[in-house]
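The values are calculated or read from the model by the stated rules, or taken from the named source; none is laboratory data. The structure presented is a predicted model; accordingly, all values stated were derived computationally and were not measured. Positions of Cβ are backbone-derived with ideal geometry, glycine not excepted, and every protein chain shown enters the neighbour counts. All accessible areas refer to the heavy atoms of the entire protein, side chains included, with ligands and DNA or RNA removed. Shrake-Rupley method; radii C 1.70, N 1.55, O 1.52, S 1.80 Å.
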Amino acid sequence: MIENLTIENFLEKLKNKEFSAKEFFEKLFEKIEKEDKEIGAFLSLNKEGAIKEAERIDELISKKEKLPPLCGVPCAIKDNILVEGLKCTAGSKILENYVAPFDATVIKKLKEAGAIIVGKTNLDEFAMGSSTEYSAFKITRNPHDPERVPGGSSGGSAAAVTKNFCLFSLGSDTGGSIRQPAGFCKVVGLKPTYGAVSRFGLIAFASSLDQIGPMTKNVRDCEIVFEIIKGKDILDSTSVEIERKFEEKKEIKVGIPKEYLVEGIEPEVKSAFESAVKKFQEKGVKFEEISLPHTEYALPCYYIIACAEASSNLARYDGLRYGNFCEGKDIFDTYSKTRALFGKEVKRRIILGTFVLSAGYYEAFYLKAQKVRRKIKEDFERAFEKVDLIFTPVSPTLPFKIGEKIEDPLKMYLSDVFTVSVNLAGLPAISIPIENLPVGLQIIGPPFSESKIFQVAKLYERD
Ligand code: GLN
């Protein structure tokens, strides 16, 4: 029955007692236990905790008490976001037995809103990857074609929504990890403006780029979840409370960057994008070509900055403070044995990050990348003087085959070519499914323009 439900109809049916939360969750776990064998969306389930919580919700309903806004709504959480008392592995052997000692701020907010956590979802180790194949524990398959990847790194969270294992999930996005899997799995995914959602309790990958965001079946649900999780948090000094009001304009002007529709893009992606644009045109949206001239430098710039920050963030896994450790004969031995637990991709990035930060190379690489980052941000600022929003495809290809890119990191990095600029510039962007193909349309807006993005994205869903 979850198949046809959105958050709003679920709440209505639960309040009207068409089903009890307990029976809903018992059936849901039956479904997950049966169907997730093939897909591998979850790393762990929270069955006992969820059913107990469902009983509490049923009690609230029977006592006719005031109900919280996400009362009983089932959700899945990427396994790099801390949920008190549950394992949080970040897809890494180094955190295999780590149990979260507190709730991330987003989880605290979801719990207060009455949402129920079904389980923790699979991801590329420390969110580094674009296919979920770099998880240390298992691969996740694309529910639309099990021979193909679901995207990544939030592949488990995307697949869980597609398979109706939950009504929404949370992912994290450092360079595309919410938007690209959302596109590959035909769901909606939002990467909020940097600072709009607290990162407290998110296992850090690259702190100046990371954001947590919702993945849902439609745009309205995405908006509902975003409203709950956003806002200033004293535990994350980069978080802010900004409500940006946009005047109601009759005409919406959208820019299409000419640098995005060039070589390397698969013909199916290009034609799906063009048909989607046509549909928006029919609804009165005006389009014009724009230029984001520094686009070609975005990918190298991203990989320098993300790896630099990762090498620093991952230094905390020293075998003494978190999760698994291997005892050695002295401190250095312990340290190196423990850090050998990192997977290949993570090691590659730590090495690259350490290199670009080292004396003699810092100016040539890291500092240069920071300057390029500024240029990329300015490209967007200039564009938003002319247009309200920017449309691009989310990725240049449709979902690729499992194993196809795993041995070729550069090819894997190219999957992010359309998404990383948004993180470098700190902007909000949504991915919505288009033309019934596993590719998303990316709608990018100026900082804190999420409400505008939702409003325009909904036009596509309304027939
Ligand atoms: N695929 C990109 C990377 O590997 C982005 C990952 C992410 O957004 N977490 O870095």
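Here are a few things to note about the model shown:
- Residue in the range 311-331 that is open to solvent by 30 Å² or more (accessible area, probe 1.4 Å), modelled with pLDDT of 95 or more and within 30 Å of Phe184 (Cα to Cα) present: no
- Residue count for the range 118-142, restricted to those that are closer than 30 Å to Ile51 by Cβ, surrounded by 24 or more Cβ atoms within 10 Å (Cβ to Cβ) and more than 13 Å from the chain's Cα centre (by Cα): 6.
- Long-range neighbours under 8 Å by Cβ, at least six apart or interchain, first residue more than 16 Å from the ligand (Cβ to nearest atom) within the range 334-345, second open to solvent by 60 Å² or more (accessible area, probe 1.4 Å): Thr334/Leu320; Thr334/Phe325; Thr334/Glu327; Lys337/Glu327; Thr338/Phe325; Leu341/Lys93
- Scanning the range 125-139 for residues that are of a type in the set (Phe, Trp, Tyr) and within 15 Å of the ligand (Cβ to nearest atom) gives Phe126, Tyr134.
- Any chance Leu110 is away from the ligand (no atom under 15 Å from the Cβ), open to solvent by less than 10 Å² (accessible area, probe 1.4 Å) and within 18 Å of the chain's Cα centre (by Cα): yes
- Of all the residues in the range 143-156, those that are among the aliphatic types (A, V, I, L, M) and more than 16 Å from the ligand (Cβ to nearest atom) number 0.
- So Pro146, is it at pLDDT 95 or above and under 13 Å from the mean Cα position of the chain (by Cα): no
- Of everything listed in (1) within 24 Å of the chain's Cα centre (by Cα); (2) open to solvent by 40 Å² or more (accessible area, probe 1.4 Å); (3) under 23 Å from Gly426 (Cα atoms), the single unmet condition for Ala298 is (2).
- So Glu247, is it closer than 25 Å to Arg382 by Cβ and free of Cβ contacts under 8 Å to residues at least 40 places away in the same chain: yes
- Elements of type strands (runs of 3 or more DSSP E) in the range 177-286, at least 1 residues being under 17 Å from Ala76 (Cβ atoms) and open to solvent by less than 30 Å² (accessible area, probe 1.4 Å): 188-191, 211-216
- If you go through the range 298-317 and pick out every residue that is part of a helix (DSSP H, G or I) and away from the ligand (no atom under 16 Å from the Cβ), you end up with 2.
- Elements of type helices (runs of 4 or more DSSP H) in the range 368-431, at least 2 residues being acidic (Asp, Glu): 368-386
- Any pair with Cβ under 8 angstrom, 6 or more apart, that starts in the range 190-201 at a residue that is on the phi > 0 side of the Ramachandran plot and ends at one that is acidic (Asp, Glu) and surrounded by fewer than 23 Cβ atoms within 10 Å (Cβ to Cβ): Gly201/Asp103
- Pairs where the first residue, in the range 367-384, is without any contact (Cβ under 8 Å) to a residue 60 or more places away in the chain and the second is among the small types (Gly, Ala, Ser) and surrounded by 19 or more Cβ atoms within 10 Å (Cβ to Cβ), C-beta under 7 Å, 6+ apart: Lys377/Ala425
- Count of residues meeting criterion [of a type outside the set (A, V, I, L, M, F, W, C) and either surrounded by fewer than 24 Cβ atoms within 10 Å (Cβ to Cβ) or away from the ligand (no atom under 13 Å from the Cβ) (or both)] in the range 157-173: 4
- Selection count, the range 174-189, where residues are in contact with a Pro (Cβ under 6 Å, 6 or more places away or on another chain) and within 13 Å of the ligand (Cβ to nearest atom): 2
- Lone qualifier among Gly213, Gly195 - being farther than 21 Å from Pro393 by Cβ and not basic (Lys, Arg): Gly195
- Going through (1) open to solvent by 30 Å² or more (accessible area, probe 1.4 Å); (2) over 19 Å from Thr132 (Cβ atoms); (3) β-branched (Val, Ile, Thr) one by one, Ile402 falls short only on (2).
- Some residue of the range 318-334 being among the polar types (S, T, N, Q) and in a helix (DSSP H, G or I): yes
- In the range 82-107, the residues that are part of a helix (DSSP H, G or I) and either open to solvent by less than 20 Å² (accessible area, probe 1.4 Å) or free of Cβ contacts under 8 Å to residues at least 40 places away in the same chain (or both): Ile94, Leu95, Thr105, Val106, Ile107
- Number of the exception - Pro409 against (1) farther than 21 Å from Thr140 by Cβ; (2) of a type outside the set (D, E, K, R); (3) in contact (Cβ under 8 Å) with a residue 24 or more places away in the chain: (1)
- Among the residues listed as Lys217, Lys232, Lys253, the single one being over 15 Å from the mean Cα position of the chain (by Cα) and farther than 25 Å from Arg373 by Cβ: Lys253
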